[in-house]
Structures are given as C-alpha cells and as structure tokens.
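Coordinate-derived values only; no laboratory data. Being a predicted model, the structure only gives us computed values, none of them experimental. Positions of Cβ are generated from backbone atoms using ideal geometry, with glycine treated the same way; all protein chains shown enter the neighbour counts.
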Amino acid sequence: MSTDLLVANLLSPPILFFALGLLAVFLKSDLEIPQPIARFLSLYLLFAIGFHGGGELRHSSLEAHVVWTLLAAIFMASLVPLYTYYLARLKMDVYNAAAVAATYGSISAVTFITADSCLKAMDLPYGGHMVAAMALMESPAIIIGVVLARVYGKKKEDSEFQWQDVFKDAFLNGSVFLLMGSLVIGYITTDNGHQSLEVFSKDIFKGVLSFFLLDMGLVAARRFRDLKKLGWTPVFLGIGIPLISATIGLLICRLLNLSTGDSLMFIVLCASGSYIAVPAAMRLAVPEANPSLYVPMALAITFPFNILIGIPLYLKAIEWFK
Amino acid sequence: MSTDLLVANLLSPPILFFALGLLAVFLKSDLEIPQPIARFLSLYLLFAIGFHGGGELRHSSLEAHVVWTLLAAIFMASLVPLYTYYLARLKMDVYNAAAVAATYGSISAVTFITADSCLKAMDLPYGGHMVAAMALMESPAIIIGVVLARVYGKKKEDSEFQWQDVFKDAFLNGSVFLLMGSLVIGYITTDNGHQSLEVFSKDIFKGVLSFFLLDMGLVAARRFRDLKKLGWTPVFLGIGIPLISATIGLLICRLLNLSTGDSLMFIVLCASGSYIAVPAAMRLAVPEANPSLYVPMALAITFPFNILIGIPLYLKAIEWFK
Amino acid sequence: MSTDLLVANLLSPPILFFALGLLAVFLKSDLEIPQPIARFLSLYLLFAIGFHGGGELRHSSLEAHVVWTLLAAIFMASLVPLYTYYLARLKMDVYNAAAVAATYGSISAVTFITADSCLKAMDLPYGGHMVAAMALMESPAIIIGVVLARVYGKKKEDSEFQWQDVFKDAFLNGSVFLLMGSLVIGYITTDNGHQSLEVFSKDIFKGVLSFFLLDMGLVAARRFRDLKKLGWTPVFLGIGIPLISATIGLLICRLLNLSTGDSLMFIVLCASGSYIAVPAAMRLAVPEANPSLYVPMALAITFPFNILIGIPLYLKAIEWFK
Amino acid sequence: MTPYKKIEVITSAVELGTIEKKLHKAGITGYTIIRDVIGSGNRGRHAGDELTGVFTNVYVLIACPPSNLDKVVEAIRPIIKIHGGVCLVSDVQSLKS
Amino acid sequence: MTPYKKIEVITSAVELGTIEKKLHKAGITGYTIIRDVIGSGNRGRHAGDELTGVFTNVYVLIACPPSNLDKVVEAIRPIIKIHGGVCLVSDVQSLKS
Amino acid sequence: MTPYKKIEVITSAVELGTIEKKLHKAGITGYTIIRDVIGSGNRGRHAGDELTGVFTNVYVLIACPPSNLDKVVEAIRPIIKIHGGVCLVSDVQSLKS
Ligand SMILES: Nc1ncnc2c1ncn2[C@@H]1O[C@H](COP(=O)(O)O)[C@@H](O)[C@H]1O
Ligand SMILES: Nc1ncnc2c1ncn2[C@@H]1O[C@H](COP(=O)(O)O)[C@@H](O)[C@H]1O
Ligand SMILES: Nc1ncnc2c1ncn2[C@@H]1O[C@H](COP(=O)(O)O)[C@@H](O)[C@H]1O
Ligand code: NA
Ligand code: NA
Ligand code: NA
C-alpha cells in the first residue's frame, strides 16, 4: 500500500505542478507567475484553510485531547528551535544558527495544506483544531530565535532593536494574522455563511493550490543556486532536522493517541520550516544572518522533501506504529 | 426580529472579513492585499453585479414602476449633492464642500453589493433595474460637484480645465463603464451565456466579496489617520448626510410603493458615497479640494456605517413604514 | 443556420466582453485590467486548456488519425511562414517580413480557446490531441522566421546572436512550456486528480475567458493607433493570410477526414497568429523588425477577425465541404 | 557622450495623461514613466492603497538636450503648481545611441 | 530653480518602515518610494521572488535643501551599514512649486 | 562620501537578461533594476500592455567607482545601439557603507 500512497501523492496535480515549476527553472524556461498573484494565492490558501478549520472546530466539542494537542503544539514549537540551534551551531555562526532555529521551529502552511489535500484524497479526516495548532506554532520560534541570537551573539549597542517589534513581527505578521482571523471567522459565522463560501473556499481550493505550487516550484528551484556555494551542510540539515522533529512528533502523537489524520498534520507541522513569516522577521531582528542560507534550506530542500517524500513517509510511519 | 437581522448581518463572512481588515490595521499587522488584486476584485464585483442585473432585466417587462424608479434615481443623484454642498459649506471651503457633495451624490457599488448579499441571505428579491439605477446614479453628482466648485469658487484663468474631460471622467470612468457594459451584456447575451458563467459570476461571488471587504477594511482603517487631524466634522457629516439621504429615499420608496428589496437598494444608493470614481474625477477637476478629507469620509466613516449598521437599520425602517 | 451560428457566437459573453474592451478604448474610457491579472488569466487559460486536453488524450487511443493530424500540424506550422514571408516581402523589408512570417506560422491560444467555447456551446466535441497540435505549432515558425531573417538579411558580425537562445525562446518560452506541461500533467494524473480540479479548471473557465477577452479588447484597440500610420498593407495581410491558411487547412482536414470539431480547431490553428510568444522571441533575435507592425497585425486585425467572423465562417465552410 | 539635461517629475498619478499631452505638444517624445510610486510631501502620505489613482504618484524621467530644458520645465511647471509634487533638474552625459 | 540635494537610497524592502520612521524623526517629510525593486550587490542577487520582502529592495528618493543633507545622511547611514545597499547623493535644481 | 559614477540605462525589457550577463562578465555585481517601466522614444510609445515584454521597458541603475565607468558603458553601448533606449551618466557621492 505504501508505494501506492507515494505514487498517488506524486501523481496528484498539486505535486505535479510543483515538479513542473522545478523543471521550468532547470530548463531555463522564462515561465513566471506575476508576484502579486503569487502573494494573493498564498493569502487565499491561508484564508480557506483557516475558514474551514474554524468551521470544523464549531462542530467539535472542546475535549481534553484538543487541549492536549494544542499544548503539545506549543511545546514542539519551543523545543524544535532549541535542538536545531545546537545542531546548526556545529557548522554555522551564532546568527545563522539562530535564524535556522527559528525557521524550523516555525511551520510551513503550504506543507500543511498539501498534507490536507493528501488526506482528503484518501478520505482520512482530521480535526479543525489542527489548524489552530498551526496558527499557534508559527510565532514562538521567532521569539526563541531572536533570544538565542542576542544571548549568544556579540553584545552591541544598537538603539534600533526593540523587543516590541519582534513580538509584532512574530504574532501579527500578515500570514499568522490572516490564518488566525479566518479561523475565528470560520468559527463564529453562521452555517449560512459557510454555505455561501462553499465554492470559493472549497471547490476551487485544489486548483488554486496547484497553481500556487507551480510558483513554489519556480521559486524553490531558483533558490538552488544559492545553495550551490554552500556545500552539503544545508542539505544534511534541511533533511535531518525534519526527520528528527518528525520522530519526536510521532512519539507525542502516540502518547496522546491521536487519530491518523491528526497525527499526520501534527508531524507535518513539526517537520516543516517557515519561508515566509520567519525570514521577514529575522531579516529585521537578526540582520547578521544570511537569508540566502536559511530561506533556501526551508524552501529548496525541506519543502520539496516534505511534500514529495515526507508526507507519504510520515503516513506510513504512523500506520506502522499503530 | 431586528436584532436578529443586525446579528445575522454582522456574522456574515463579508462583514466579518471587513472587521478583520480594520483590526489588522489597528493592531499594526502588516497584512496587505496586493493592489492589482484589489483592483481586479473590484472589477470582478462590478462585472458580476452588472451581468446579473442585466440577466434579471431580461425577464422583467419594462413596466411603469421601473421607469419611475430610474427617474427617481436620477432625481436623487441630483438632489443629494445640492443639500450636501450647503451642509458641508457650513464647515468647509467651497472646493472641499463641492467634492463632498459629489462624493455623496454618487454611489458606492460595494455597499450596494453588500446589501445584495444581505437580501440574498434573507431570500428577499430585488429587480435587475436597481443595477441600472446604480449605474445611472454614479455620474450626475460629479458634474454637479464641478459646477458648484466653478460657480462658487474663485474665478481664475486656467487653460487646463475642459468640460469635456469632466464629462468623460463622469460617464466613462472604468467602474461606470464596466458596470454599464456588463449590464448591457447580461441583457443581450443568451440564456446559454448566462448558464456558462454561472459558477464564475454567482457561486464564487460571496467569497470574492469577502476577500474584497478584507481589503476595504485595511484601506478604510488606514484612512482613519487622515481623519484624526480633522476633528468631528467629517464624522458628523459622514453619518448625518447618509441618514438624511436615506430618509428622503425612504419617502420616495413609499411614494412609488417599491418592494422591500427594491426599497433597500434604492435607499442604499442614496445613502452611500463614492470613493472610487468621484475622487479620481475631483482630483483632476477640483484640485483645490483635499482628497485626504473627502475620501476618508466616504471610506472610513460612511462605508462602515452603512454596511455595519445602515443596512439592517434601513431594512427595519422599510418594514416599519409598510 | 449559418446566421444563427454567427449571431450565437457574437452574443456569447466572451465575444461581447471583447467588444466591450474595444469600445472602452474607442470612447476613451480609462477602464484598465491590471497587467499582473491579465498575465495570470492568460496562464490560467493555458493551464486549463492543457490540463483538459491531457485528460481527454488519456481516454483516446493513439490511433493513426491522431498521428496524421499531429504531423499535419507540424507541416502547416512550417509551410505557413514560408508563403507568408514571400507575401509580406512584397511590401516590407526582410526583417519585418520574417517577423510577420513567424507570427502567422505560430498560433494564438486564445483564438483556439474561443473556438473551444464555441464548439462547447454547440455540443460539438473535438479530440484532446488538438491541444497537443497547438503546442507543437507554437515553435517551428519562430525558428523559420529567424532563419529567413538571417539568410536574406544583411550579413553582419554580431557576437550577440546565439542559436541556442533562439531555440530556448521557441521551445521553452513560458506559454509553450505551461501548455505542454499542463497537457502532460493532465495526461498522467489520476481521475481523482481531474475530479478535484473540475470546478477550478472547467466551471469557471468561460468566466475567466470573458474577463481575459475584455482585456484583449482593450489591448487590441490600443494597438489600432500603431496601425493608422501604416496604411492598408497590414489590414490586407492580416485578413488575407489567415484566409489562405484556413483554405489550405481545410483541404488537409478533408484529406485526413477529420471530424467537424477537429477540423475547426485545426483551421483555427492555421489561421491564427501569435502575439505573445513570437513577438518576445523576435524582439531578441530579429531586433531590426518593428514590433509596432507585427504585433498589431496579429492582435488588432487577425485576432478580432478570427473570433468575430472567422470561427463561424470556418465552421460553415467545413459543413459545406462535407 | 553628449551633455544632456535630466528632468525628474514626481506628482499625482491622475496627472499622467496631462503630462504626456503637454510633453507631446512641446515636441518632447523621449521620456520614461514609472507608475505606482508612493511617497510623502506637503499633502500627506500617498500610500497607493486607494483603489484609485488619487493617492498614488507617478515618476516621469525626461532626458533632453539642454536647449529643450525650458520647454520641458514650462510644460511641467503649472502641473506641479496646481497638483503638487516635485520637479528636479540635473546634468548628465548621454551615450549617443 | 533652487539648488537642492538629491539622496537616493536602495536597500532591503524590510527596512522601509525604519527608513520612514527615521526620516520623520529627522523632520524630513518629502520623499518618494519605489517598491518591488530588485538588484544585485554584495549580498547576492535580490530577485524579488520570495513571497516575502526579504529578497526585494526598495528605492527611496529624497530631495531636500543642502542644509538638510546631513540630517538625511545620518538617518540613513546606520541602515545601510547594517542591512547593506547604497546611498547616493547628487546636486539637482528644484523647480520651486 | 566617495565620488562615484551613476549610470542609468532604460531599454526594452526583453534585454534585461543580456544586460545582466554583460555586467557580470565585466565584473560589475552592484546594480538595481526597476521593472515594468513604460515610456516613449524613437520607437513609439511603450505602454506595457502587451502580455509580453515587448512593449515594456526596464530601468537599470549602476553605481560604480569612476574607474569602472568605461567597462559599464562598453557593456551597455551595443545594446542601446541595437535595441534603442537611453544611457545616462552622472556624478554622485556614495555613502561608503
Ligand atoms: N522633497 C521631496 N523629495 C522627494 N519626493 C517628494 C518631495 N516632496 C514631494 N515628493 C513627492 O511628490 C508627491 C506629492 O507631493 P506633495 O504634493 O508635496 O504632497 C509626494 O507624495 C512625494 O512622492
Ligand atoms: N553598486 C550598486 N549600484 C546600484 N545598486 C546597488 C549597488 N550595490 C548594491 N545595490 C543595490 O542594493 C541592494 C543591496 O545591496 P547589497 O547589500 O550590497 O547586496 C542590491 O540588491 C542592489 O539593488
Ligand atoms: N529622451 C529620453 N528620456 C527618457 N527616456 C527615454 C528617452 N528616449 C527613450 N527613452 C526610453 O527608452 C525607451 C526606448 O526608447 P526608443 O528605443 O528610443 O523607443 C522608451 O520607451 C523610453 O522609456
Ligand atoms: Na516546524
Ligand atoms: Na449617494
Ligand atoms: Na497560424
């Protein structure tokens, strides 16, 4: 069954369009998605996933396992950056290690959404609270990354730095805010409201995702160039860290006895790295770190790894562990 | 029932996303909708509302009450700017008063569309000719505003000014033109044509509206800043003028014995102010007026007032008067 | 029946919106579709037509007539530029004639898509391999055009020119690549994959096409100005060449005994001219040619001719010849 | 290389049509336009977020021989006067093409 | 025409907020911003394709009387120092509006 | 502040790849690009509305030490000659970063 799964995942339109995007860059095609469009598609995806998550939360009672899952999510969002920092520190300076830590402590919404598509294709449900878990996991690692950089970094006078800016970037950046907001709106709006947005937020969802992944393929492949100069370190870390995080995540899922769907989502959150919210925040708060290192790691190594191999792999592991 | 109505309106996704947009700015989130997207969404809404209005016009015979309604629309579009001018003149110079007059004489398509969503949610129909009324009400106030500015303003030699430019801006600006054009196309195309656009123009409509209102919330909230420097005048006028216009509109609706749906749409047209077509035209024809005054009035005061409180209020008034 | 056909075509929303776009420019309205949106809509159309073509290819066996049709497509893509060059050369210099040759040898995807809409409205099917034919016909003419320019043009030393760039522009430009890629993806993805993209790629298709044609109308009309300075030559060539190519195409269709649907698509490919892929390639490889000549010819003459008159005309000719 | 004058104009986007018309009237056919420019000046911040050109600016760059400078400046002056913005003139060397 | 200084700043787009804040603090309220600018410099190519402002630049043009030059340069200097980019100063003539 | 040369190039957008390639070949790695620029010149109006880069321009700004000026100009000259556009050179002061 597991090869079936891998093949089914690889043959789904979103993944194929991602591959097409990679191919376009490798063949030097001038295919390009206009940037305002790409940003809009990503806003749409956050909006739709949040809105639906909220809708499903309404129909689920706030049971103990929901609370436990959310707590576990926050726990992992704080743990991952710590061991990531020390691992990365073996090969990088303080600032870059801190940025990498923040990157992997936070999450990638598109990986989550791709996993959602994959579960839907197999009729495996997952709880709306996993979307809340995603929203909760975006920010803590940013704070931790900045703390690490300031604790271990050179002490310096800089009147520029302000903690309140860091908190604003962590908790109120556009993607966290839209996701959270849509979740809340999905929760409080009426059934009527959900019905009226059905086609827009559900039926065209996978098509939009396919188009967006086409752009992700283009962007990820362009970032490979940056990696070439950096040797094998980013590759090892970019696959190794997700695997470690996925393993710990899997243990927690067993501990909490989560369903297959919830487990996959939880593991995907642990194993994915942020390339939207974190880089923007790090560029401001830890300008010494080199974005041409940590962005490509998350975008050109971890993201493709997760959506091509990771998701089926994690699924198999979940079933094997049951 | 009226509180129900207010709550149902407030809990509908478009309104909630508008609120989310406001909140984003107040919390200083960096959430942003790319501008080409926002412009496209607004074009889409005009296209869809026009196309459907045209489609419904085909199935309604051109009865007397339709003609009377359209005449009443033109009448109100000419009356509103006149009393608005004299009211505004109490607190502003000639040029700003003229611009405010043009603003409130013209209409806000998005307010109309939000009212449409609200009626749809309650299964209250309205006639396709109300869309024609909207199209007819956009332009006259622009001409009247410019006339007021030139009659009461300082006489000056300016070789730049040309009436033909004003007429072009009034009747052929992009939004009026697209609305009118879509109305005509909706009228003359075949049933087959309507069917083939069903999903695009109808099923995803409310989703697009929600997204657009998210942007409107962002834009409106950013404009609050402009208002802070201006004291309470814009607030009083921005709520007072719509209430006056709505009252007169209501009387006309009773006089013409319009249905509940038609009445709401008519009143909403009277009570709303333009923040797209009018500012662009005024900036060119009355450059002495300050757009940081009349745009925020329409956008940050009247628009939120109308969609949050106005629509349910007008509905209640219509029923009460029946 | 033929006037019915013409009228039905003219009253379909896509054509009416194209006309609205033309009208907007003639009346000097400032209606404008933001450019990133227009580019996105064009990518969407290529994506959707390719994806569906691929899907239909899966269900058709690779019969002899498919192979023959594809070979005929390549043949026409090589023949059209040759006679077009000699025709154009009567009135133009070598470089412009070569660019015109490339333009008419290649194809216009939007004309193809409009013909698809038209066939769908009449419930006439056509084979998925016609999409493959389209993809195959985009590039050869570009190569031939450049060869013509270099063979007949002034010999010059220019270290800039590189054949490999020409091939890259011909076979890997964004639109060819996306069309080909979507075709392949549509072919290899699962039925499940097709189902999940149904609404996005099929149900909203005609609406997106209408919007895109609105933009095409705007763009085409703006290009009329360029033509004014050039007299009647572009008009004669812009209608004459498609008619010649359509006639030859029709003969080939009879020879291969293609169905009505396949025939229309084949003829439309022969008779249409490229205004996206070719100009970009020619601007680089034959900079001596004037884009203000060959772009408007394809865009402002041939394209409107084909979608307004050509498609119904070709259909009638196909039936008459049967 | 020829000595040229570079004129940079930044003003409200709604004025673009007028500027182009005036330049053409003055016989100036070489200029470059950057749209969707934002900024801040005497009339407050122009953030480009208004769904209309009212709070957006446009940047126009004109390179011309020194002898044409006056024509350009006279074409631009009334626009800046009425609608605000800036007009900056500087000396450049133009690569004769 | 008055002699003015033109200051052009190109740096990472994420710094735009800081730049505006600093200019306002220095009392400079006239400036123009071009967003979505890309480029190449010591930190590699900024291609503007990252779904985030991290690899995009911003261009800020400030025209001011020569007496304000120092204030502007001092406001900009630390940003360029920490975040990279360029700051170019030149002489222009401003059309008094 | 160091004396620098500023080179501004405006030409057809399709040439951007070539320009970047040539600059890199000449050892110039610092430059800034503004895309989607429109304009008017000897080849008519470039309105940027063609669904293709053919009628759109690109603006490239290169700041370099005076000693590099010739290298840059020689890299740009053939492009302007074949594809049209302008290339303007001026003196600036660069804030040493
Ligand atoms: N001193 C300046 N330096 C650069 N740009 C300016 C300056 N003053 C005004 N601008 C630009 O011109 C626009 C209109 O200026 P104003 O009419 O003064 O509000 C502003 O939004 C800026 O983009
Ligand atoms: N010499 C230069 N000329 C023009 N722009 C430059 C130059 N150096 C850097 N830049 C711009 O500043 C950005 C950041 O520079 P850097 O921090 O050196 O990578 C680059 O992406 C360019 O857009
Ligand atoms: N004198 C000029 N000043 C500013 N920009 C120019 C000038 N001449 C040409 N350009 C720009 O260069 C582009 C190509 O010029 P051309 O090849 O002369 O048509 C034009 O579309 C303008 O954007
Ligand atoms: Na993670
Ligand atoms: Na009104
Ligand atoms: Na052809």
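Over all residues in B:15-26, what is the mean tally of Cβ atoms on other chains that come within 10 Å of each residue's Cβ?
3
Setting aside same-chain residues fewer than 8 positions from A:Lys316, which lysines have a Cα under 23 Å from its Cα?
Partners found: A:Lys120.
Under 16 Å Cα to Cα from A:Lys28, which lysines show up? Leave out anything in the same chain fewer than 8 places away.
Correct list for A:Lys28: C:Lys168, F:Lys21.
Taking the alpha-carbon centroid of each part, what is the distance from the range A:83-124 to the range C:99-143 in angstrom?
Taking the Cα centre of the range C:99-143 as reference, the centre of the range A:83-124 is 44 Å away.
Hey, what do the phi angles of the range F:60-72 turn into as Karplus ³J(HN,Hα) couplings, whole Hz, using 6.51/-1.76/1.60 and θ = phi - 60°, x for Gly and Pro?
10, 10, 10, 9, 8, x, x, 5, 8, 3, 4, 4, 5
Against the empirical 2.2 N^0.38 Å scaling, what ratio does the C-alpha Rg of the range C:177-254 come to?
Ratio of Cα Rg to 2.2 N^0.38 Å: 1.67.
Output ³J(HN,Hα) for the range B:30-36: one whole-Hz value per residue in order, computed from phi by the Karplus curve 6.51 cos²θ - 1.76 cosθ + 1.60 with θ = phi - 60°, and x for Gly and Pro.
Per-residue couplings from phi come out as 8, 4, 8, 9, x, 4, x Hz.
Which residue in A is nearest the A/B rotation axis when you measure from the C-beta atom, and what is the distance in Å?
Of all Cβ atoms in chain A, the one nearest the axis gives A:Pro36, 3.
Based on Cα positions only, what radius of gyration and what Dmax would you give for the range F:56-97, in angstroms?
When restricted to the Cα atoms of the range F:56-97, Rg and Dmax are 11.9, 36 Å.
For chain A, what are Rg and Dmax over the alpha carbons, in angstrom?
Considering chain A through its Cα atoms, Rg and Dmax are 18.8, 59 Å.
Arrange C:Tyr104, A:Tyr83 by Cβ neighbour counts within 10 Å, fewest through most, would you? Please report the intermediate quantities before stating the final value.
Numbers: C:Tyr104 33, A:Tyr83 16.
If I rank by nearby Cβ atoms, fewest first, I get A:Tyr83, C:Tyr104.
Could you identify which residue out of B:Ile49, B:Ile37, B:Ile267 has the top mean-square fluctuation in a GNM of chain B using Cα springs shorter than 10 Å?
Evaluated over chain B, the most mobile residue of the options is B:Ile37.
Grab the beta carbon distance between E:Thr29 and C:Leu256, set R0 = 60 Å, and tell me the FRET efficiency rounded to 0.05.
With R0 = 60 Å, the Cβ-Cβ based efficiency is 0.25.
Could you grab the Rg to Rh ratio for the range B:145-201? Cα atoms only, Kirkwood for Rh. Let's see the in-between values first.
Values: Rg = 19.1 Å, Rh = 14.6 Å.
We get a ratio of 1.31 for the range B:145-201.
Using the Kirkwood formula on the Cα atoms of the range C:235-318, what hydrodynamic radius do you get, in angstrom to one decimal?
13.4 Å
Enter the mean number of other protein chain beta carbons within 10 Å of the beta carbon of each residue in B:223-230, as an integer.
Shielding by partners across B:223-230 averages 1.
Normalise the Cα radius of gyration of the range A:116-254 by 2.2 N^0.38 Å (N = residues in it) and let me know the number.
That works out to 1.37 for the range A:116-254.
Residues of the range A:293-322 with amide nitrogen under 16 Å from the 7 Å Cα-to-Cβ point of C:Thr190?
A:308-309, A:311-313, A:315-316
So if I take the centroid of the Cα atoms in the range B:267-312 and the same for the range B:195-247, what is the distance between those two points in Å?
What the calculation gives is 9 Å, centre to centre.
Taking a label point 7 Å out from Cα toward Cβ, give me the nm distances from A:Leu251 to the same spot in the other copies, shortest first, one decimal.
The projected label point of A:Leu251 is separated from its counterparts by 7.8, 7.8 nm.
What is the log10 of I(q)/I(0) for the range E:1-88, computed with the Debye formula using one identical point scatterer on each Cα and no solvent, at q = 0.18, 0.20 Å⁻¹?
-0.74, -0.88
Taking amide H positions as placed in the peptide plane 1.01 Å from N, state which residues far from F:His46 in sequence (5 or more) or on other chains have amide H under 5 Å from it.
It is F:Gly39, F:Ser40, F:Gly41, by chain and number.
If you look at just the Cα atoms of the range A:24-152, how large are its Rg and its Dmax in Å?
Cα-based Rg and Dmax for the range A:24-152 come out at 17.9, 52 Å.
Once the convex hull of the alpha carbons of the range A:50-109 is built, what does its volume come to per residue, in cubic angstrom?
Residue-normalised Cα hull volume stands at 73 Å³.
What does the structure give for B:173-181 when I average, per residue, the other chain Cβ atoms found within 10 Å of the residue Cβ?
For peptide B:173-181, the averaged partner shielding equals 5.
Highest first, please rank the peptides C:58-66, D:39-47, C:110-118 by the mean number of other Cβ atoms sitting within 10 Å of their residues.
Top to bottom by mean Cβ count within 10 Å: C:110-118, D:39-47, C:58-66.
Helix-only mean residue ellipticity at 222 nm, the protein assembly as shown, DSSP H runs n ≥ 4 weighted -39,500 (n - 2.57), per residue, nearest 500. What is it?
-20500 deg cm²/dmol
For the range A:292-305, just list the computed ³J(HN,Hα) in residue order, Karplus coefficients 6.51, -1.76 and 1.60, θ = phi - 60°, integers in Hz, with x standing in for Gly and Pro.
In residue order, the calculated couplings are 6, 9, 7, 5, x, 4, 6, 8, 9, 10, 5, 4, x, 4 Hz.
Would you please put B:15-22, F:66-73 in order of how densely packed they are, using the mean number of other Cβ atoms within 10 angstrom per residue and starting with the highest?
B:15-22, F:66-73
If I model a spin label at A:Trp68 and C:Thr3 as a point 7 Å from the Cα along the Cα→Cβ vector, what separation in nanometres do I get?
7.8 nm
Could you pull out every one of the aspartates and glutamates with an alpha carbon less than 13 Å from that of D:Lys96, ignoring same-chain neighbours closer than 8 positions?
Within reach: F:Glu74.
So, how do all the Cα-to-Cα distances of the protein assembly as shown break down into 20 Å bins, in percent, from 0 on up?
Using 20 Å bins, I get a P(r) of 11, 39, 40, 10, 0 for the protein assembly as shown.
Taking 7 Å along the Cα-to-C-beta vector as the label spot, tell me the D:Ser67-C:Leu82 distance in nanometres, rounded to one decimal.
It is 5.4 nm.
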